[in-house]
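Take a look at the structure below.
Values quoted throughout were computed directly from the atomic coordinates according to the rules given, and no laboratory measurement underlies them. Just so you know, these numbers come straight off a predicted model, no measurement behind them. Reconstructed Cβ throughout: ideal geometry from the backbone, glycine too, with neighbour counts over all protein chains shown.
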Amino acid sequence: MKCKFEKKIGAFLDNELQKEDFAQVKEHLKSCLICQQTLRELNSINIFFENYTDVEVPEYLNQRILSKINSSVSKFKKNIINFAVAASIAFAFFSGLFASNQTFTQNRENTEQIAFGTESFYSYLDWEE
Ligand SMILES: [Zn+2]
């Protein structure tokens, strides 16, 4: 149950048809039940969207939507802050680890230099044996 005019109904409704096409479809609509039905459906969709975009949101609903948006934004901000804190702690930890490692390496080299010629630095480590 299809009609070759059916696909032109949308353009007809939106006033996008050429003059001849428009007149033809208009004439056709008088007799074709399929196209009349399609026209009704498309028209009700158009009316729905017109009402949908023009709809006035009640103030309380507006506030609720805005507070929902705000709370999710602040949750997002909190997540970012938490991440930044964690990242800086991790950075401080690793740079501290790196720094102490550097210090240890330097100390060991110094101690080895001091101990050079007498005993190896590492011999102090197993003095208990
Ligand atoms: Zn038709």
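Within the stretch 1-19, work out how many residues are farther than 20 Å from Ile47 by Cβ and near the ligand (Cβ under 8 Å from one of its atoms).
Selection size over the stretch 1-19: 3.
Mind checking which residues of the stretch 13-55 are of a type in the set (D, E, K, R), within 16 Å of Cys3 (Cα to Cα) and not in a loop (DSSP other than H, G, I, E, B)?
Within the stretch 13-55, Asp21, Lys26, Glu27, Arg40, Glu41 meet the criteria.
For Ile69, are the conditions met, namely being aliphatic (A, V, I, L, M), surrounded by 11 or more Cβ atoms within 10 Å (Cβ to Cβ) and assigned to a helix (DSSP H, G or I)?
no
Select from the stretch 20-43 the residues that are loosely packed, with under 10 Cβ neighbours inside 10 Å and away from the ligand (no atom under 12 Å from the Cβ) and list them in ascending order.
The answer is Glu20, and nothing else.
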